[in-house]
Each structure stands twice: as C-alpha cells, then as structure tokens.
Amino acid sequence: MPKPATPLLDAIASPDDLRALPETVLAKLAEELRAETVSAVSVTGGHLGAGLGVIELTVALHYVFDTPRDRLIWDVGHQAYPHKILTGRRDRIRTLRQGGGLSGFTKRAESAYDAFGAGHSSTSISAGLGMAVARDLAHKDNNVIAVIGDGAMSAGMAYEAMNNAGAMGSRLIVILNDNDMSIAPPTGAMSSYLARLVTSHTYRSLRDVAKQLAKHLPKFLYDKVERTEEFGRGFFTGGTLFEELGFYYVGPIDGHNLDHLLPILKNVRDMHGGPVLVHVVTKKGKGYPPAEAADDKYHGVSAFDVITGAQAKPKSNAPAYTKVFGQALLAEARRDEKIVAVTAAMPQGTGVDIVQEVFPDRVFDVGIAEQHAVTFAAGLAAEGFRPFCAIYSTFLQRAYDQVVHDVAIQKLPVRFAIDRAGLVGADGATHAGAFDVTTLACLPNMVVMAAADEADLTHMVATAAAYDAGPIALRYPRGDGVGVELPERGVALPIGKGRVLREGSRIAILSLGTRLAEALKAAEELAARGLSTTVADARFAKPLDRELILSLAAKHELLITVEEGSVGGFGAHVMALLADEGALDSGLKIRTMTLPDRYQEHDKPERMYAAAGLDAKGIVAKALSALGRLEGKATGLIA
C-alpha cells in the first residue's frame, strides 16, 4: 500500500517554505490550514469565523508577497490566526489567548511578520500609509499591504487615511475583505476576467496612453472622456467611490478562488504608481458548517467540539453583567418612551440587542464609529431624548474629544454605559478597560458610577435614566455577576452617595466597583488576625461622597482605596480630597490600590487581578504592610 502523503502544512516553517511550493498544491494547503485553524480554536476558543474567511487570501498574500520584507498589516487581527500558523507559530497556536501564550491579535513583539499591532479596528490603512511614506523616504522598494474588513471600513478613520493616501499618491495596496455580500453575482468568471484585465500591464499602458492623448483635447472633451472611462469601469466593478479617493480599484473578486487571487495579486504587486484597492469577497466561517450556519459566523467562540460545533461554555449561577444591563435598560425603556440606545457595531456585545428585539426603532447601531456614536447621542439628548450610549471602555477612548466637547461642555444628559470595565482576560491589553475612570472623572459636569454587583448595576441603570442634569457614566465588567438577588426593578440612587457594608474600627477599605467582593473577603481575614475592618462601597467616583470619606478618615488608622482602574483615578481623587481637608495632617495612613502602571498580558481575569494585587490576598498584604510600618515605628522596631 502507498504511504499516505505527508501534510503540506508540516513542511511550512515560514512563508519562504510556502513560496517554494508549486501553485498547483496551494488549494490543498489551504484545506489543511483551514482544518488546523478549526482544530486550534476548538481548544483555546477565540475568533474563528473571520480567520476561516481569509484562508485562501492568507495563503495567496504570503505566496505572492515577500513577507516580512513586504509589510502585511491585518486590520483588527481577528482574522490573523491562519497568518500566525504560516509564520512560524504553528507549534504555539494552541496557546492562543492563554496566559504566557500567543496573543489573539497581531503583535509586533511576537513576530517580525506582525508588521503592526491591532486590537481595535480601522487602523491598518493609516499605519500602512505611514510605512509606505517611510519606505519612500528611505529609498526602499518593498510593498505595503493593508487587509481591512468591510465592517472596519465603516469607520471614518479608514476614509481619512484613504483620502490622504490618494492625495499623496504613495504606492500602497489595500485589500478590502468584504464578507457581507452574496458571493455569487459579482464574483463569477466575467468579474474575475475584468479584474485581471484592469490590473494587466497592457490595459494600464493603453489607459495611460489614452489619458495622455485626451489631455490634448479641448477641456470640455477631456472632461467627458475622463468621466466616460470612469463610468465604464465603475459600471462593471463598482469602484467609483474608491477612484474618487485616488485609489486604482480592482474587483470584486472571489476571495476563495486561488486561480483568481494569485494572478491579480501578482499584477498588483508589479504595478507602479499610486495606491490600489483590491476588493475581495469572502464568506465568514467558510469551510466549517457550524460556523457558516451561525448568525454571527462563529465570530467569537469558547472551546468547542469540532464535530458538532457545540461550545463548552462554563456554567454559572449568576447572569452576565451585559445581560443584566440589557434587561435593566429594557425595563426603563418600557416605562419611558424617550429612552433610546446607541451602539457602535456591538448590539450583542453591549446587551442593547435585548432592547432592540422589543423596540427596534429606538436602538441605533451606527457601525464602527465611536466618535459619531457619542455626538449622535448628544444630538438626541439636545432634543429631549434620553440616550444610553453603550460602548466598551476600551473603545470609548476613541471618542474622548466628543465626550468632552460635544457632551460634557454642553452638559447634555448622555448616559454612557461602559461595558468591559477593568481587566478582560484573554483579549489582553488592547481591550482592557483601565482608563475610563481616570479620563471621565476629571471632566466638569460628569457623573461617574461603578457597579459593585449585578443588583447595583440594575439600580445604576435606573439612576442614569432618571438623571437629566448632565452626562452620567456607569461602568461594569466583562463576565458574570457575583450571584446576588436581582431587584424587581432598579431604584434611582442618591447622586454621590456611597454605602457602608461592614463596620470596623482600625482599617477602612473603600472600594469602587466589583472589587467589593474581594474587599469583604479581605476584611474577614483581617478580622481573623484581630484587625477590625470597615468595608465601604463608594459607588461614585464623581462626585465623591465627601461625608463618607472624611468619616472613614477620622475614625480609622488606615484607609485603603481599591479600584479596577489606572493610576490617577478614584484613589487620586480621594487623596486630593483628604489633602484639601487636612485629613492627612492627623497621621492617617492611606494607600491607593489600582491596576499597575503597565499593560498586562492576556490571561484568566482572576490571575490578572492577583498579579495586580487587587484580590483579597493583595488587599490583606497591603494592609499588613502599612500597619506593620506604623506598629514598628510605634514600638521602636523600625527606624
């Protein structure tokens, strides 16, 4: 019996090995790459559908272009797992998104083949243009290729970059990966033929000659000729918009057909002149039936069974914070027809899809356009509506000027529902919600709340709904709640007031957000050591509960603030208050506990919080350290 053929993928240690293969075997290699991607993600979880949609494109790009000398930029990075497998990381691919393992996104520190790090969308064309200009300034001749999805193209930043690239005329290749349209009508044999034709040297030479001749015609005839040529290509290819931005448009072409991709990419590679956009149509989840059948095409998955596609999601007795928010918002929307929701391409991720199912006309998904989302919400608020602008903490950073200029300065009552506050585990530093308290609490007119548990979140949604005096933000983490009983309906909280959950006399722990559960555990351990401990929940980072904080400072030897945010946030505001009020003059010991002043690598959230010292063990250690110095000095043991 003949021996089974050795898998092609086993021979690929780098794209150099890929480029040594004959074109006739690349389709087989793509099949193996698709199977390996499914197998790896079934173990680790992560973003599956996007990668499956670009298997053939990934093979073609690394085959045609001389990576890493040619810079290949993957927008967002959701689709980059196959790229990682082909670029020397196959042996670690089953460590994706695990502590100490590969990042779920492209990362410059991880590989020379990751030309630009990405976790947020729509940055690739800007970065690519910068690299292209740097190449030109350095008198080099390498290619720069940016792969961007149709969803990411909804962001204004992509068009800003294209407008600049078209005006500069730098040689840049943009691959528009379009997985949101039917693949059959635009990508048949005629479309492929036209794409090859318009990228061929002969066509481009004739086109240039015709344009030079046309310039010698009277202006009114030249204008008509130019418009006719543009209309003719736009009629067949649909690229008029990109041509207007200064790009040479090619496509649409079938992104799963290597016989179409390879000759066109070679033609584009060998072009000279300005920027080119290649419109490639793909199917998200391609080649894996469970992904193709899913509504979200398996965009983000837990570990799953390869045969059935069933995901192994951990069981919890508590609902997810995102779901609690969506249900609480729906309850408020039922009572108030002025309540509307705005999201930037994340209706399911933020929970507003729960409201959308009941009130489809009152939920607005504006696409990947956070800046627009915030100012759009400001416009709604200016006309008397009560908008909830639901955006992940990490994505709200992209709209900071709009929060300041369009909302806060005008005191418009936009409600910011900030999901994924704090650490987010496997998505790592690019998605960590570390900075929202620091950046929002410094703004005049802004109210900032942080839910301690899912019941508190329900009340904060009601608080935000009832608050019309200006902007208000409520933050809550990724994942499940702590299992407390939910109220039948939320009740508006008094603005700027916290609560005491445990009374003590020596140590006071003042928590903001969901570290409250760990603070209560720490108090139990401290009590077991004979250290009487008060635990308070601030609830508000702004305005501060002055009465509560000054009382804690007056009645305790040590005050510890705990927050799941960066340096400069809640603890800094508490310190400023105590300093201004002279509370530090009495010898009060104060310690602020925040996330570390560095970007934390991806891992399980509980491990990340432990590494940050923001678990019960860390809080106890902080208290003992502070009191140890105090007691040591009092007894003369420490100089």
Exercise. Which residues, counting only those in the stretch 276-294, are small (G, A, S), assigned to a loop (DSSP other than H, G, I, E, B) and under 22 Å from the mean Cα position of the chain (by Cα)?
Worked result: G285, A294
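Here are some residues: G470, G422. Which one is in contact with a strand residue (DSSP E or B) (Cβ under 8 Å, 6 or more places away or on another chain), surrounded by fewer than 20 Cβ atoms within 10 Å (Cβ to Cβ) and either of a type in the set (S, T, N, Q) or on the phi > 0 side of the Ramachandran plot (or both)?
Details: G422 fails: surrounded by fewer than 20 Cβ atoms within 10 Å (Cβ to Cβ).
Checking each option against the conditions leaves just G470.
Suppose we filter A426, A455 for residues that are assigned to a helix (DSSP H, G or I), modelled with pLDDT under 95, not charged (D, E, K, R) and not assigned by TED's automatic domain parsing to the domain that holds T106; which single one remains? Walk me through it before giving the result.
Values: A455 fails: modelled with pLDDT under 95.
Being assigned to a helix (DSSP H, G or I), modelled with pLDDT under 95, not charged (D, E, K, R) and not assigned by TED's automatic domain parsing to the domain that holds T106 holds for just one of A426, A455, which is A426.
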For this session: Provide a single number: the residues in the stretch 57-92 that are touching a Ser or Thr at 6+ places or on another chain (Cβ under 8 Å) and outside any loop (DSSP other than H, G, I, E, B).
Result: 14
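Rundown of residues vs (1) part of a strand (DSSP E or B); (2) aromatic (F, W, Y); (3) touching a residue at least 60 places away in the same chain (Cβ under 8 Å); (4) closer than 28 Å to L57 by Cα, yes/no style:
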residue	(1), (2), (3), (4)
G274	no, no, yes, yes
D296	no, no, yes, yes
G309	no, no, no, yes
P314	no, no, no, no
L330	no, no, no, no
R334	no, no, no, no
V342	yes, no, no, no
A345	no, no, yes, yes
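With the condition kept exactly as written, say whether any residue in the stretch 570-587 is under 26 Å from the mean Cα position of the chain (by Cα), hydrophobic (A, V, I, L, M, F, W, C) and under 30 Å from M446 (Cα atoms).
Quick first cut of the stretch 570-587, residues under 26 Å from the mean Cα position of the chain (by Cα) only: 570.
Of the ones still in play, those that are also hydrophobic (A, V, I, L, M, F, W, C) are 570.
When the remaining residues are screened for being under 30 Å from M446 (Cα atoms), the result is 570.
Yes, because at least one residue in the stretch 570-587 is under 26 Å from the mean Cα position of the chain (by Cα), hydrophobic (A, V, I, L, M, F, W, C) and under 30 Å from M446 (Cα atoms).
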For this session: Please identify the pairs in which a residue from the stretch 516-534 that is of a type in the set (S, T, N, Q) has its Cβ atom under 6 Å from the Cβ atom of a residue that is surrounded by 24 or more Cβ atoms within 10 Å (Cβ to Cβ), counting only partners at least 6 apart or on another chain.
Result: T533/I507; T533/A523; T534/A508
Problem set entry | Residues of the stretch 93-108 satisfying the condition of being in a loop (DSSP other than H, G, I, E, B) and buried (at least 24 other Cβ atoms within 10 Å of the Cβ) | S103, G104, F105
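Inside the stretch 496-528, can you point out the residues that are polar (S, T, N, Q) and part of a strand (DSSP E or B)?
Here is the first cut: in the stretch 496-528, the ones polar (S, T, N, Q) are 505, 511, 514.
Answer for the stretch 496-528, where residues must be polar (S, T, N, Q) and part of a strand (DSSP E or B): just S511.
Given I55, I12, I73, which one is of a type outside the set (G, A, S), closer than 25 Å to H602 by Cα and at pLDDT 95 or above? Give the derivation first.
Values: I55 fails: closer than 25 Å to H602 by Cα; I12 fails: closer than 25 Å to H602 by Cα.
Result of the check over I55, I12, I73: I73.
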For this session: For V437, indicate whether it is aliphatic (A, V, I, L, M), farther than 29 Å from E601 by Cβ and in a helix (DSSP H, G or I).
Result: no
Problem set entry | Considering residues of the stretch 473-495 that are hydrophobic (A, V, I, L, M, F, W, C) and in a loop (DSSP other than H, G, I, E, B) only, the residue surrounded by the fewest Cβ atoms within 10 Å (Cβ to Cβ) | V491
Seminar exercise, completed: Per the filter on the stretch 114-149, residues buried (at least 21 other Cβ atoms within 10 Å of the Cβ) and hydroxyl-bearing (S, T, Y) are S121, S122, T123, S124
Seminar exercise, completed: Over the stretch 585-618, the set of residues under 17 Å from S505 (Cα atoms) and in a helix (DSSP H, G or I) is S586
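Please go through the stretch 384-419 and give me each residue that is of a type outside the set (V, I, T), part of a helix (DSSP H, G or I) and surrounded by 24 or more Cβ atoms within 10 Å (Cβ to Cβ), ordered by number. Show your work before the answer.
We begin by selecting, within the stretch 384-419, every residue of a type outside the set (V, I, T); these are 384-390, 392-393, 395-402, 405-406, 408, 410-413, 415-417, 419.
Next, only the ones that are part of a helix (DSSP H, G or I) stay: 393, 395-402, 405-406, 408.
Within the stretch 384-419, S393, L396 meet the criteria.
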For this session: Among the numbered conditions (1) at pLDDT below 95; (2) crowded, with 16+ Cβ neighbours inside 10 Å, tell me where L512 comes up short.
Result: (1)
Exercise. Which of the residues belonging to the stretch 160-186 are at pLDDT below 90, of a type outside the set (A, V, I, L, M) and either surrounded by 14 or more Cβ atoms within 10 Å (Cβ to Cβ) or closer than 16 Å to E243 by Cβ (or both)?
Worked result: D178, N179, P186
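Checking the conditions here, which among L559, L595, L624, L614 is closer than 21 Å to E503 by Cβ, modelled with pLDDT of 95 or more and buried (at least 19 other Cβ atoms within 10 Å of the Cβ)?
Details: L595 fails: closer than 21 Å to E503 by Cβ; L624 fails: buried (at least 19 other Cβ atoms within 10 Å of the Cβ); L614 fails: closer than 21 Å to E503 by Cβ.
Residue meeting the stated conditions: L559.
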For this session: Within the stretch 62-75, track down each residue that is over 25 Å from the mean Cα position of the chain (by Cα) and either under 22 Å from Y288 (Cβ atoms) or not assigned by TED's automatic domain parsing to the domain that holds L33 (or both).
Result: H62
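For L501, are the conditions met, namely being surrounded by fewer than 23 Cβ atoms within 10 Å (Cβ to Cβ), in contact with an Asp or Glu (Cβ under 8 Å, 6 or more places away or on another chain) and either over 25 Å from L457 (Cα atoms) or without any contact (Cβ under 8 Å) to a residue 60 or more places away in the chain (or both)?
Details: surrounded by fewer than 23 Cβ atoms within 10 Å (Cβ to Cβ): yes; in contact with an Asp or Glu (Cβ under 8 Å, 6 or more places away or on another chain): yes; either over 25 Å from L457 (Cα atoms) or without any contact (Cβ under 8 Å) to a residue 60 or more places away in the chain (or both): yes.
Against the criterion (surrounded by fewer than 23 Cβ atoms within 10 Å (Cβ to Cβ), in contact with an Asp or Glu (Cβ under 8 Å, 6 or more places away or on another chain) and either over 25 Å from L457 (Cα atoms) or without any contact (Cβ under 8 Å) to a residue 60 or more places away in the chain (or both)), L501 qualifies.
The values are calculated or read from the model by the stated rules, or taken from the named source; none is laboratory data. In this text the structure is predicted, and so the values were computed from the model without any measurement. Note: ideal-geometry Cβ built from the backbone for every residue, glycine included; neighbour counts use all protein chains shown.
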